[in-house]
Amino acid sequence: MRRSERKQQDPDLGVLAGRTLFGLQRELFAAVAEQGHPELRPRHGAVLAYLDEEGSRATDLATQSGQHKQVIGTLVDELVALGYVARRPDPADRRAKLIVPTAKGLDHMVKSDAAVAAIEARHVEAVGEEAYAEFKRVFKQVAGRY
């Protein structure tokens, strides 16, 4: 049996995680594009998925997303240019900057949260509430090891 066939029939954790991530991203970004945010790409999720409404430091976004600070800086530059975030002085530390969502960014965050909730609701409907809750519990436990 060829490796690609084996991966299709008995996918390992990496393949399953990739399918889950890429499928979720395709569906999520298509949904928010239809709702007024067509310029966003999955790479922007490294910032937008972890951004607090009150703002977040770039170092915290890097830690939470698992990306290098330089990558986050580039993504923030793109999101500033697109009008989704702004850089503001951090009131807790004048030397630091906060990445703060704009009104457009907040709109995206609300629509994105609703789209993910709808996706999860469909999964619950497909496999049952108990099975999905157990899946998320185990998936969280496995993901927490990284």
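For region 85-95, the tally of residues that are among the acidic types (Asp, Glu) and without any contact (Cβ under 8 Å) to a residue 24 or more places away in the chain stands at 1. Checking the stated criteria, LEU79 turns out not to satisfy the condition of being in contact (Cβ under 8 Å) with a residue 24 or more places away in the chain, surrounded by 15 or more Cβ atoms within 10 Å (Cβ to Cβ) and touching a Phe, Trp or Tyr at 6+ places or on another chain (Cβ under 7 Å).
Selection of first residues in region 96-108 that are closer than 19 Å to ASP60 by Cβ and of second residues that are among the basic types (Lys, Arg) and surrounded by fewer than 15 Cβ atoms within 10 Å (Cβ to Cβ), restricted to Cβ pairs under 9 Å at least 6 apart or on distinct chains, gives the following pairs, ordered by first then second residue: LYS97/ARG87; LYS97/ARG88; LEU98/ARG87; LEU98/ARG88; ILE99/ARG87; ILE99/ARG88; VAL100/ARG87; VAL100/ARG88.
For MET109, the conditions (1) under 14 Å from the mean Cα position of the chain (by Cα); (2) of a type outside the set (Lys, Arg); (3) exposed (fewer than 14 other Cβ atoms within 10 Å of the Cβ) all hold with the exception of (3).
Among the residues of region 63-104, those that are assigned to a strand (DSSP E or B), within 30 Å of TYR146 (Cα to Cα) and in contact with a Pro (Cβ under 9 Å, 6 or more places away or on another chain) comprise VAL85, ALA96, LYS97, LEU98.
Just one of (1) part of a helix (DSSP H, G or I); (2) modelled with pLDDT under 95 fails for TYR146. It is (1).
Residue under question is LEU21, and the condition is that it be crowded, with 17+ Cβ neighbours inside 10 Å, hydrophobic (A, V, I, L, M, F, W, C) and under 24 Å from VAL110 (Cβ atoms); does it hold?
Taking the combined requirement at face value, the residue does not satisfy it.
Here is a yes/no grid of residues against (1) among the β-branched types (Val, Ile, Thr); (2) assigned to a helix (DSSP H, G or I); (3) free of Cβ contacts under 8 Å to residues at least 12 places away in the same chain:
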residue: VAL15; (1), (2), (3): yes, yes, yes
residue: LEU24; (1), (2), (3): no, yes, no
residue: PHE29; (1), (2), (3): no, yes, no
residue: PRO38; (1), (2), (3): no, no, yes
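The values are calculated or read from the model by the stated rules, or taken from the named source; none is laboratory data. It should be emphasised that the depicted structure is a prediction, and the values quoted were computed from it without experimental measurement. Heads up, the Cβs are rebuilt from the backbone with ideal geometry, glycines too, and the neighbour counts pull from every protein chain shown.
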